[in-house]
1. Please find, within the stretch 19-65, the residue that is surrounded by the most Cβ atoms within 10 Å (Cβ to Cβ) out of those that are touching a Leu at 6+ places or on another chain (Cβ under 8 Å) and not in a strand (DSSP E or B).
2. Just a yes or no: is a residue in the stretch 83-103 hydrophobic (A, V, I, L, M, F, W, C), more than 19 Å from residue 2 (Cα to Cα) and more than 13 Å from the chain's Cα centre (by Cα)?
3. As an exercise: evaluate residue 22 against (1) touching a Cys at 6+ places or on another chain (Cβ under 9 Å); (2) free of Cβ contacts under 8 Å to residues at least 12 places away in the same chain and give the number of the one condition it does not meet.
4. List the number of the failed condition for residue 82; all other conditions in (1) modelled with pLDDT of 95 or more; (2) over 21 Å from residue 117 (Cα atoms) hold.
5. Assess whether residue 7 counts as being at pLDDT 95 or above and among the small types (Gly, Ala, Ser).
6. Among the candidates 101, 8, which residue alone is touching a strand residue (DSSP E or B) at 6+ places or on another chain (Cβ under 6 Å) and of a type in the set (Gly, Ala, Ser)?
7. Can you confirm whether residue 119 is polar (S, T, N, Q) and surrounded by fewer than 18 Cβ atoms within 10 Å (Cβ to Cβ)?
8. Quick one: residue 44 ticks every box in (1) of a type in the set (S, T, N, Q); (2) closer than 13 Å to residue 93 by Cβ; (3) modelled with pLDDT of 95 or more bar one, so which box is it?
Amino acid sequence: MNVLWLSAPYRKDDIMSNKDVVWVYTENEEQKGGGEVTEFMRSTENCHPLMVRQHYGSDGFYKEDNILRTTQVMERYFNSLFIKIKTGKLAILPTIEINEALIELEKNAPSLHSVFVKNIEITNRYRTKSLI
């Protein structure tokens, strides 16, 4: 099993010292904002974004417009993550950020929420059953 959920915020030291791990984070299409760690993750090869926002900010989460394009964007990033997991990489996902995305997508974009939930369920099939 190759997926581990982490509730604590990521630290740069952990990301740099665990290069064989895929560090997953939520992202906006503009790839702006999010703070120092997010900026660092954008430029780090072993980090992988999941698109959940059109733009940065509390109102930036996807809405119920342009569903086809947004679904394709969301699916593309999940599929890329699945390929990494299937090749044996350990993926670490941020519990707090994923939960926030689930809440906001359910509120703002129900059809995208179902796409996101489906992909999280697929991700959980690879979930680590015991602590490392």
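1. Ranking the qualifying residues of the stretch 19-65, first place goes to 62.
2. Yes, the stretch 83-103 contains a residue that is hydrophobic (A, V, I, L, M, F, W, C), more than 19 Å from residue 2 (Cα to Cα) and more than 13 Å from the chain's Cα centre (by Cα).
3. (2)
4. Going through (1) modelled with pLDDT of 95 or more; (2) over 21 Å from residue 117 (Cα atoms) one by one, residue 82 breaks only (2).
5. no
6. 101
7. no
8. Residue 44 satisfies all of (1) of a type in the set (S, T, N, Q); (2) closer than 13 Å to residue 93 by Cβ; (3) modelled with pLDDT of 95 or more except (2).
The values are calculated or read from the model by the stated rules, or taken from the named source; none is laboratory data. Model, not experiment: these values are computed from the prediction. A quick note on method: Cβ atoms are made from the backbone with ideal geometry, for glycine too, and the neighbour counts reach across all protein chains shown.
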